[in-house]
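Undergrad: Structure below; questions to follow.
The values are calculated or read from the model by the stated rules, or taken from the named source; none is laboratory data. Keep in mind the model is a prediction, meaning the values are calculated, not measured. A quick note on method: Cβ atoms are made from the backbone with ideal geometry, for glycine too, and the neighbour counts reach across all protein chains shown.
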Amino acid sequence: MSTTLVSTLSRAAAASARGSWRIRCMATAAGELKKTGLYDFHVENGAKMVPFAGYSMPLSYGSVGAIASHNHVRDSVGLFDVGHMMQTNFRGATATQFLEWLTPSSLSSLEPFASTLSVLLNERGGIIDDTVITKHTASAFYVVTNAGRRDRDLPWFEAKLAEWNASPRAAAGTVTLEVLDGWGLLALQGPRAAEYLQGLTPFDLRTLTFGHSAFVPVDGRRLHVARGGYTGEDGFEISIPPADTGAVARLLSRNPVQLTGLGARDSLRLEAGMCLYGSDLDEDTTPVEAGLTWVIGKDRRETGDFIGAEGVLKHLKDGPPRRRVGLIVEGAPARQGAKIFSPGSDEQLGTVTSGQPSPTLGKNIAMAYVQNGWHKKGTEVEVDVRNKRRKAVLTPMPFYKPRFFRG
Amino acid sequence: MFGLLRSASRPGLAVLRATRTTAAPLASSRVFARTIVTKRFTTDHEAVIYDSDTKLGTVTITDYAQSSLGDVVFVELPTVGTAVKQGDQIGAVESVKAASDIYAPISGTVESINEELSSQPGLLNKSPEQDGWLCKIKVADEAELDALMDAEGYKAHYEQS
């Protein structure tokens, strides 16, 4: 028995580390991997640690299977260590304008303590990374980017900052970058997340709706809590100073909270129709192709004053050559790399970028890119899995309707 | 997952350590027949349980394989009647996280497949080497078993991997 395609998760790791996720790699590469502040905590809790995005991260805990772990987050509440992700602060009088140069988002119209999904674009309009940007004030932003893209993002930030600060655009004030290295980031996710966290704070969490954040007192600490996540459930992402991460993790992992690893994280986000950078997004993909046109602010389309605007606006105007779509596949699950064909023909329409059996739906779900024109829901296609054509139908995403708390 | 391990080690010429089971029921005319059941393992984590009486080899994945794969959600099996060679891909096991190919541990003709697996793929996790069997192959050449590992050899194989 040999694994032909293994988890897509590993693809988000550094490009040099791309390849199948094999038991052996796990063992040999472990020595060179970085650790989050919770490494020992994971090991104490029986985690199976695997390399992910340059870090040793928990895949699963103890004997809890992938499906049980997934279902626990859908039904109750799970805790994820996402401390490998890069947390940064951008501060300065022209911070809004600087980030509006790096992204196509309308950050000037974003309310204080509101967050938005966004993308960093290269000069061609390709996605360098996807990111969540939280505005605290017009001159202070908190930005979270992917661990696996740190080596691309950080030099990009630094080079663009130097360029910005030396230009007349920074006349009203320069911008600084602070990387929150060593800080913890925990995601508490699930329908019981709010009830659980409410038990630890006097702050009324009903006032904190999806896409917003606040500094919340938790057990005597003042922590940045953002309502949202990567599972399609209500939940919180909590940023924690290095010295407190272990204590907060213990506080957030009591019954009924279950520690949840990367395995369930991937199946949860796929059901929720959320992209994984390195699988579903890359530097040759524009936000229009990726179905992320909604992250481009209306005003920004008109001004076109962001890096990569030309390529993005062209796709907006002429239509993109291909589009990200959802698929439901009959029979065998289609995994990353599976080719998509028009029925009964050898005309390749596209490729699967993420695919798994969905524990919640009991169907094989997949994200894919197909030629523009073949992207409409209900379109029937065929997917090649192990040299056999399997029927598939284009299905709108998300596959699982998110249950965000909107107040 | 197991790809790297495929070429890693080939067992030495394992001495056939047959398990002797009791003979057929008393009512049978073959009271004195002695069936030898041999269990052998591949480096790719399949097992074959060979019955010298029927010449049938029952193909399974190992318990180690099922625990590495996690929850099995789909099993693809060969068609009955297919002639297979040792090492041919004959199917696949899909868990939530991965797809793993199944290779024929021995040459022969596929005599039957475990139909239960289409509705209960979880049998591979619950009982990988018994109720979760994959298919039975009418074995063409018993000598091929010698190239496979016995239980001890297999244990040593996965422990070093």
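Undergrad: Residues in segment B:77-92 that are out of contact with any Leu (no Cβ under 6 Å at 6 or more places or on another chain), more than 7 Å from chain A (Cβ to nearest Cβ), outside any loop (DSSP other than H, G, I, E, B) and within 15 Å of B:E46 (Cβ to Cβ): how many?
TA: Summing the residues that are out of contact with any Leu (no Cβ under 6 Å at 6 or more places or on another chain), more than 7 Å from chain A (Cβ to nearest Cβ), outside any loop (DSSP other than H, G, I, E, B) and within 15 Å of B:E46 (Cβ to Cβ) in segment B:77-92 gives 3.
Undergrad: A follow-up question, please. Restricting to segment A:180-220, name every residue that is under 30 Å from A:L154 (Cβ atoms), surrounded by fewer than 16 Cβ atoms within 10 Å (Cβ to Cβ) and in contact with a helix residue (DSSP H, G or I) (Cβ under 7 Å, 6 or more places away or on another chain).
TA: Scanning segment A:180-220 gives a single hit, A:G182.
Undergrad: Only residues that are in a helix (DSSP H, G or I) and either surrounded by 21 or more Cβ atoms within 10 Å (Cβ to Cβ) or without any contact (Cβ under 8 Å) to a residue 24 or more places away in the chain (or both): list them for segment A:235-246, please. Walk me through how you get there before you give the answer.
TA: First, pick out the residues of segment A:235-246 that are in a helix (DSSP H, G or I): A:242-246.
Those that are in a helix (DSSP H, G or I) and either surrounded by 21 or more Cβ atoms within 10 Å (Cβ to Cβ) or without any contact (Cβ under 8 Å) to a residue 24 or more places away in the chain (or both): A:A243, A:T245.
Yes or no, residue by residue, for (1) buried (at least 21 other Cβ atoms within 10 Å of the Cβ); (2) within 14 Å of another protein chain (Cβ to nearest Cβ):
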residue: A:K363; (1), (2): no, yes
residue: A:Y369; (1), (2): yes, no
residue: A:V381; (1), (2): yes, no
residue: A:R386; (1), (2): no, yes
residue: A:F405; (1), (2): no, no
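Undergrad: Do you know which residues across segment A:95-120 are of a type in the set (A, V, I, L, M) and either outside any strand (DSSP E or B) or over 15 Å from A:C275 (Cβ atoms) (or both)? Lay out the reasoning, then the answer.
TA: First pass over segment A:95-120, keeping only residues of a type in the set (A, V, I, L, M): A:95, A:99, A:102, A:107, A:110, A:114, A:117, A:119-120.
A:A95, A:L99, A:L102, A:L107, A:L110, A:A114 - these are the residues of segment A:95-120 that are of a type in the set (A, V, I, L, M) and either outside any strand (DSSP E or B) or over 15 Å from A:C275 (Cβ atoms) (or both).
Undergrad: In addition: Which residue pairs have Cβ atoms closer than 8 Å, lie 6 or more positions apart in sequence or on different chains, and pair a first residue in segment A:334-347 that is at pLDDT 95 or above and among the aromatic types (F, W, Y) with a second residue that is surrounded by fewer than 16 Cβ atoms within 10 Å (Cβ to Cβ) and not in a loop (DSSP other than H, G, I, E, B)?
TA: Taking only residues 6 or more apart or on different chains, the pairs are A:F341/A:Q348; A:F341/A:R389.
Undergrad: Which residue pairs have Cβ atoms closer than 7 Å, lie 6 or more positions apart in sequence or on different chains, and pair a first residue in segment A:380-407 that is acidic (D, E) with a second residue that is modelled with pLDDT of 95 or more and in a loop (DSSP other than H, G, I, E, B)?
TA: Every condition considered, the pairs that remain are A:E380/A:P343; A:E382/A:P343; A:D384/A:A338.
Undergrad: Okay, moving on. Can you find a residue that is crowded, with 21+ Cβ neighbours inside 10 Å and in a strand (DSSP E or B) anywhere in segment A:145-154?
TA: Scanning segment A:145-154, I find at least one residue that is crowded, with 21+ Cβ neighbours inside 10 Å and in a strand (DSSP E or B), so the answer is yes.
Undergrad: Here's something else I'd like to know. Tell me whether segment B:52-75 contains one or more residues that are more than 14 Å from every other protein chain (Cβ to nearest Cβ), farther than 21 Å from B:L123 by Cβ and part of a strand (DSSP E or B). Before you say what the answer is, go through the steps one by one.
TA: Initially, segment B:52-75 is screened for residues more than 14 Å from every other protein chain (Cβ to nearest Cβ), giving B:52-58.
Right, trim to farther than 21 Å from B:L123 by Cβ and you get B:52-55.
If we keep only those that are part of a strand (DSSP E or B) as well, we get none.
No: segment B:52-75 contains no residue that is more than 14 Å from every other protein chain (Cβ to nearest Cβ), farther than 21 Å from B:L123 by Cβ and part of a strand (DSSP E or B).
Undergrad: Is it true that some residue in segment B:129-138 is at the interface with chain A (Cβ under 10 Å from one of its Cβ atoms), touching a residue at least 24 places away in the same chain (Cβ under 8 Å) and of a type in the set (F, W, Y)?
TA: No.
A quick yes/no check of all residues on (1) among the polar types (S, T, N, Q); (2) surrounded by fewer than 19 Cβ atoms within 10 Å (Cβ to Cβ):
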site	(1), (2)
B:E115	no, yes
B:S118	yes, yes
B:G132	no, no
B:V139	no, no
B:E144	no, no
B:L148	no, no
B:A151	no, yes
B:A156	no, yes
B:E159	no, yes
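Undergrad: Another question about this same structure. Among the residues of segment A:339-364, how many are more than 14 Å from A:D280 (Cβ to Cβ) and in contact with a strand residue (DSSP E or B) (Cβ under 7 Å, 6 or more places away or on another chain)?
TA: Of segment A:339-364, the ones more than 14 Å from A:D280 (Cβ to Cβ) are A:339-349, A:357-364.
Keeping just the survivors that are in contact with a strand residue (DSSP E or B) (Cβ under 7 Å, 6 or more places away or on another chain) gives A:339-343, A:347-349, A:357-358, A:363-364.
So the answer is 12.
Every residue, every condition in (1) closer than 24 Å to A:D266 by Cβ; (2) in a loop (DSSP other than H, G, I, E, B), yes or no:
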residue: A:E195; (1), (2): no, no
residue: A:A226; (1), (2): yes, no
residue: A:G229; (1), (2): yes, yes
residue: A:E233; (1), (2): yes, yes
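Undergrad: Pick from segment A:381-405 the residues that are touching a Leu at 6+ places or on another chain (Cβ under 8 Å) and assigned to a strand (DSSP E or B): which of them is farthest from A:L270 (Cα to Cα)?
TA: A:V381
Undergrad: Out of all the residues in segment A:208-224, which are without any contact (Cβ under 8 Å) to a residue 24 or more places away in the chain and not in a loop (DSSP other than H, G, I, E, B)?
TA: A:F215, A:V216, A:P217, A:R222
Condition check ((1) modelled with pLDDT under 95; (2) in a strand (DSSP E or B); (3) within 20 Å of the chain's Cα centre (by Cα); (4) crowded, with 18+ Cβ neighbours inside 10 Å) across all residues:
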residue	(1), (2), (3), (4)
A:M26	yes, no, no, yes
A:A29	yes, no, no, no
A:A68	no, no, no, no
A:V73	no, no, yes, yes
A:Q87	no, yes, yes, yes
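Undergrad: To continue, here is another question. Only residues that are part of a loop (DSSP other than H, G, I, E, B) and surrounded by fewer than 16 Cβ atoms within 10 Å (Cβ to Cβ): list them for segment A:247-268, please.
TA: Step one: filter segment A:247-268 for residues part of a loop (DSSP other than H, G, I, E, B), giving A:252-257, A:260-261.
Listed by number, the residues that qualify are A:R254, A:N255, A:P256.
Undergrad: Restricting attention to segment B:93-107, which residues are away from chain A (no Cβ under 14 Å) and buried (at least 23 other Cβ atoms within 10 Å of the Cβ)? Quick ask: steps written out before the conclusion?
TA: Going through segment B:93-107, the residues away from chain A (no Cβ under 14 Å) turn out to be B:106-107.
Within segment B:93-107, just B:I106 meets the criteria.
Undergrad: Next question. Give the number of residues within segment A:41-66 that are in a helix (DSSP H, G or I) and buried (at least 21 other Cβ atoms within 10 Å of the Cβ). Don't jump to the end; show me each part of the working.
TA: Initially, segment A:41-66 is screened for residues in a helix (DSSP H, G or I), giving A:41-44, A:66.
With the extra rule that they be buried (at least 21 other Cβ atoms within 10 Å of the Cβ), the set shrinks to A:42, A:66.
Selection size over segment A:41-66: 2.
Undergrad: Now, a different point. Counting only residues that are more than 10 Å from A:R390 (Cβ to Cβ) and either part of a strand (DSSP E or B) or within 10 Å of chain B (Cβ to nearest Cβ) (or both), how many does segment A:328-339 have?
TA: Here is the first cut: in segment A:328-339, the residues more than 10 Å from A:R390 (Cβ to Cβ) are A:328, A:335-337, A:339.
Adding the requirement that they be either part of a strand (DSSP E or B) or within 10 Å of chain B (Cβ to nearest Cβ) (or both) leaves A:328, A:335, A:339.
Summing the residues that are more than 10 Å from A:R390 (Cβ to Cβ) and either part of a strand (DSSP E or B) or within 10 Å of chain B (Cβ to nearest Cβ) (or both) in segment A:328-339 gives 3.
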